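All remarks here apply to the structure that follows.
Where a number appears in this text, it was derived from the coordinates with a stated rule and is not lab data. All figures in this text were calculated on a predicted structure; none of them were measured in a lab.
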């Protein structure tokens, strides 16, 4: 059981690293497009879709898809990283308890 738990924690940690690098690559790819076209917005626009739709998307109608893609990638990467970090922590605590 202990070996399985260690393997599970290591697997989740590897998944966390993979998700981090994969989405970092995808986010940076879209981010380069946004910076090349001088599209600027704040973090509050990323986490508040109403403000994004009201303030940013009308300013850059030709790049709406890239902006929405960037925001979606950020949201998904934060959710996945949080979930994997939670799982790694929980399984680590379980393994410490049964050690």
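Things worth noting here:
- Short to long, the 10 Å bins of the Cα pair-distance histogram for region 1-57 hold 19, 29, 24, 16, 10, 2 percent of all pairs.
- The Cα-based radius of gyration of the chain, divided by its Kirkwood radius, gives an Rg/Rh of 1.18.
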